[in-house]
Amino acid sequence: MSDSDPAPSLYAAREPIFPRRVSGPFRNLKWIIMAVTLGIYYVTPWIRWDRGPSLPDQAVLLDLANRRFYFFWIEIWPHEFYFVAGLLIMAGLGLFLFTSALGRVWCGYACPQTVWTDLYILVERWIEGDRNARLRLHRQEKLDFRKARLRVTKWTVWLLIGLATGGAWVFYFADAPTLLRDLVTGNAHPVAYTTMLILTGTTFLFGGFAREQICIYACPWPRIQAAMMDEDTLVVGYREWRGEPRGKGKRTADSELGDCIDCMACVNVCPVGIDIRDGQQLECITCALCIDACDDMMAKIGKPRGLIDYMALSDETRERAGEPPRNVWKHILRPRTIMYTGMWAAVGLALLFALFIRPDIDLTVAPVRNPTFVTLSDGTIRNTYDVRLRNKHGEERPFKLSLAGDQALEVQIEGNDGDTVIVAADTAQLTRVYIVASGGTGPASTDVTPVRIWVEDLQSGERAYKDTTFNGQGK
């Protein structure tokens with residue numbers, strides 16, 4: 001290359017992909033998963049769940065103002081965030097498990113980018129037609145009334161889907177009917193409008209225009225997945241030993257042609273625009289639409305299905321020798337997947353155990369250290385504690401505070417003549433508590449005395465405690 005020649009560009013402009021309509025078991029499975037996942041996402045905020053008169057009745061609610069997470073009958077408090085961390089760990093292990101067994105099956109079927117892209121392509125196909133019609137419209141340079149009408153109609157529906165997506169998201173953070181009324185009347189918080197605007201824009205751009213670019217370039221998972229896979233992982237592949245040499249000639253007993261007739265059906269239905277016959281590629285999301293397209297073509301020319309199929313690299317030698325592949329369960333049930341399943345189940349069981357044993361009342365005790373003790377005029381030694389009582393019930397409860405251990409100690413509640421505190425429903429109440437010892441008694445004259453503070457729910461009889469210390473004059 002001479003100095004006068006322009007430098008080669010390192011950037012290739014995106015070529016829009018227009019997948020062809022295809023039918024088959026994998027396409028039907030994707031339709032079902034898309035309907036179920038979108039239904040769950042859009043409908044869940046509107047499900048009601050009665051928790052009592054003083055608690056929200058939305059089944060799934062992230063109440064950031066009151067620092068609560070409600071999931072049907074389960075309520076997660078801030079100090080119980082380990083439940084959320086455990087669920088995230090389970091999600092990660094589940095992703096490792098499915099990737100180890102079936103490759104990028106999450107990407108191909110349930111990833112939000114895939115689900116919304118499928119929905120946007122469905123709208124595009126419904127308005128502009130199937131692949132050839134969309135290609136003609138794309139290549140039409142002149143912007144006439146028909147092209148403008150189709151484009152505006154399509155983009156309007158895309159924007160409405162994006163708006164519904166952003167709206168459904170904010171409904172998870174506030175009472176859905178109330179927030180909807182506030183959004184329509186213009187009384188909602190600016191954060192709600194901003195969130196909806198951002199999610200509407202990202203859904204519109206990612207599902208309508210970026211599409212496979214998000215999967216190929218923005219998502220890190222294609223670069224990570226190789227660590228979860230091995231030669232026994234079932235992935236979508238092309239049986240080159242059966243299909244080659246490909247060609248469009250007539251198949252006869254003397255023909256040297258393979259089963260592949262080079263119809264390009266597998267390429268035309270691929271949502272990321274690759275040719276699976278070129279081997280495994282980073283872009284492949286394992287959606288298996290090419291399997292449906294190829295099986296349909298094989299049926300038309302009288303050849304057995306499976307030219308493109310889920311297969312494992314370890315079976316290649318067997319199949320080239322004419323032997324059948326191993327049973328699919330032998331690929332799925334192997335040490336790696338069994339290990340992931342065991343870890344996933346262990347975390348799940350631990351979370352269930354923690355959920356069932358957690359108390360409905362709880363307390364924390366924080367001694368006030370400045371000063372460590374106070375000597376009253378009658379010689380009594382007093383220690384001060386900040387006690388936070390948590391009432392996880394749906395109604396207010398009376399809590400009784402008492403001490404275990406040395407009988408010479410007495411508990412007193414600031415602003416209360418008795419030993420009982422009324423805690424409102426589903427709240428954590430901070431109470432100033434004093435522990436006193438008469439002058440000259442053992443706890444008053446010693447350095448440190450262990451103390452156990454008990455709290456009892458007088459309505460249910462449930463009890464909880466926290467250990468602390470009492471500081472005397474010897475300190």
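Under the condition of being touching a Cys at 6+ places or on another chain (Cβ under 9 Å) and closer than 23 Å to I33 by Cα, the residues counted in region 275-306 number 10.
From the list A425, A444, pick out the single residue that is in a loop (DSSP other than H, G, I, E, B), modelled with pLDDT under 85 and outside the structural domain of P53 (by TED's automatic domain parsing). Walk me through how you get there before you give the answer.
Working: A444 fails: in a loop (DSSP other than H, G, I, E, B).
Among A425, A444, only A425 is in a loop (DSSP other than H, G, I, E, B), modelled with pLDDT under 85 and outside the structural domain of P53 (by TED's automatic domain parsing).
Give D175, D130, D182 a once-over and let me know the one that is free of Cβ contacts under 8 Å to residues at least 12 places away in the same chain and among the acidic types (D, E). Just one listed residue meets the conditions, D182. Considering only residues in region 342-370 that are in contact with an Asp or Glu (Cβ under 7 Å, 6 or more places away or on another chain) and part of a strand (DSSP E or B), the one that is nearest to R397 (Cα to Cα) turns out to be I361.
Any idea which of W77, W73, W31 is surrounded by 12 or more Cβ atoms within 10 Å (Cβ to Cβ), of a type in the set (F, W, Y) and modelled with pLDDT under 95? First the steps, then the outcome.
On the way: W73 fails: surrounded by 12 or more Cβ atoms within 10 Å (Cβ to Cβ); W31 fails: modelled with pLDDT under 95.
None of the other options fit; the residue is W77.
Residues of region 224-267 that are part of a helix (DSSP H, G or I) and more than 36 Å from the chain's Cα centre (by Cα): E240, W241, R242, G243.
Is one or more of the residues making up region 50-61 modelled with pLDDT of 90 or more, in a helix (DSSP H, G or I), β-branched (V, I, T) and in contact with a helix residue (DSSP H, G or I) (Cβ under 9 Å, 6 or more places away or on another chain)? No, there is no match, as no residue in region 50-61 is modelled with pLDDT of 90 or more, in a helix (DSSP H, G or I), β-branched (V, I, T) and in contact with a helix residue (DSSP H, G or I) (Cβ under 9 Å, 6 or more places away or on another chain).
Just to be sure I understand the filter: pairs with C-beta atoms under 6 Å, separated by 6 or more residues or on different chains, first member in region 254-276 and closer than 20 Å to V115 by Cβ, second member at pLDDT below 95 and not in a loop (DSSP other than H, G, I, E, B). Which pairs pass? Close Cβ pairs (under 6 Å, with a partner that is at pLDDT below 95 and not in a loop (DSSP other than H, G, I, E, B)) amount to V272/E212. Any chance you could count how many residues in region 224-252 are out of contact with any Ser or Thr (no Cβ under 7 Å at 6 or more places or on another chain) and touching a residue at least 40 places away in the same chain (Cβ under 8 Å)? Adding up the residues that qualify gives 9.
Between R388, R336, which is surrounded by 12 or more Cβ atoms within 10 Å (Cβ to Cβ), touching a residue at least 12 places away in the same chain (Cβ under 8 Å) and assigned to a strand (DSSP E or B)? If you could, list the steps in order and put the result at the bottom.
Values: R336 fails: assigned to a strand (DSSP E or B).
One residue alone meets the criteria, R388.
Might you let me know whether region 206-213 holds any residue that is crowded, with 20+ Cβ neighbours inside 10 Å, on the phi < 0 side of the Ramachandran plot and of a type in the set (D, E)? The answer is yes; a qualifying residue exists. Is one or more of the residues making up region 312-329 closer than 30 Å to K248 by Cβ, at pLDDT 90 or above and part of a loop (DSSP other than H, G, I, E, B)? For region 312-329, residues closer than 30 Å to K248 by Cβ, at pLDDT 90 or above and part of a loop (DSSP other than H, G, I, E, B): absent. Picking from residues in region 47-65 that are surrounded by fewer than 14 Cβ atoms within 10 Å (Cβ to Cβ) and of a type outside the set (A, V, I, L, M), the one that is nearest to V170 (Cα to Cα) is R48. For A293, the conditions (1) among the small types (G, A, S); (2) assigned to a helix (DSSP H, G or I); (3) surrounded by fewer than 20 Cβ atoms within 10 Å (Cβ to Cβ) all hold with the exception of (3).
The values are calculated or read from the model by the stated rules, or taken from the named source; none is laboratory data. This structure is a prediction, so every number in the text was calculated from the model and none was measured. Note that we place each Cβ from the backbone using ideal geometry, even for glycine, and neighbour counts take in every protein chain shown.
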